[in-house]
Amino acid sequence: MAECCSSDECQYTLMTINEIINGKENEFPGLVPLIQKFLTSMDIDVDTQCSIQQYLKLIQLRAKGELMTTARWIRNFVAKHPSYKFDSVVNERINYDLLTTVDRITQGKEECPEILGHPTSRTREHIPNAVRKAEKSYSNLITEKVT
């Protein structure tokens, strides 16, 4: 029968999810800081780096309890719904409103800072005017050289 490892080999410490994700001073750096340190050694383009940082920030804020989990948000939505009678019954109206709201959030038609924070994107729907002008100038330059 195998013996338990000695106390020197079996050291552990109790940590909260926040401490695991974000770190515990003088004991553990945290998973997100370790990932960020690793990413600095990688050759990653700026857009990808920004996207990764936003996901990591979301994880950090959820671990700290500064952003709601999806489950908490759903419970709050149901509890605040005018049709809810505090009887643990989620009727069709509540279900419909919940799913409609979730659909609008996932499509970006409605913001939900309680669970998503305030993410920003470098991606734009339309080409900036400066880029459009540069493309036109370049196109004109090419046309002049050809003719």
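State all residues of segment 26-46 that are without any contact (Cβ under 8 Å) to a residue 12 or more places away in the chain and of a type outside the set (Val, Ile, Thr); if no residue qualifies, say none. Once the filter is applied, which keeps residues that are without any contact (Cβ under 8 Å) to a residue 12 or more places away in the chain and of a type outside the set (Val, Ile, Thr), segment 26-46 yields Asn26, Pro29, Gly30, Leu31, Pro33, Leu34, Lys37, Phe38, Ser41, Met42, Asp43, Asp45. Residues in segment 69-90 that are modelled with pLDDT of 95 or more, in a loop (DSSP other than H, G, I, E, B) and within 24 Å of Gly117 (Cβ to Cβ): His81 alone.
The residue that is farthest from Gly65 (Cα to Cα), counting only those in segment 1-39 that are among the β-branched types (Val, Ile, Thr) and modelled with pLDDT of 90 or more, is Ile35. Is it the case that some residue within segment 82-92 is in the same structural domain as Thr120 (by the TED database) and of a type in the set (A, V, I, L, M)? Yes, segment 82-92 contains a residue that is in the same structural domain as Thr120 (by the TED database) and of a type in the set (A, V, I, L, M). In contact with a strand residue (DSSP E or B) (Cβ under 8 Å, 6 or more places away or on another chain) and either over 23 Å from His118 (Cβ atoms) or of a type in the set (Lys, Arg) (or both): does that describe Met42? For Met42, the condition - in contact with a strand residue (DSSP E or B) (Cβ under 8 Å, 6 or more places away or on another chain) and either over 23 Å from His118 (Cβ atoms) or of a type in the set (Lys, Arg) (or both) - is not met. Could you look through segment 47-69, keep only residues that are more than 26 Å from Glu19 (Cβ to Cβ) and touching a residue at least 40 places away in the same chain (Cβ under 8 Å), and pick out the one that is surrounded by the most Cβ atoms within 10 Å (Cβ to Cβ)? The residue in question is Cys50. Count of segment 41-62 residues, restricted to those that are in contact with a Gly (Cβ under 9 Å, 6 or more places away or on another chain) and of a type outside the set (Lys, Arg), is 4.
The values are calculated or read from the model by the stated rules, or taken from the named source; none is laboratory data. Please read these numbers as outputs of a predicted model, since none were measured by experiment. Please note: Cβ atoms are built from the backbone with ideal geometry, for glycine as well, and neighbour counts cover all protein chains shown.
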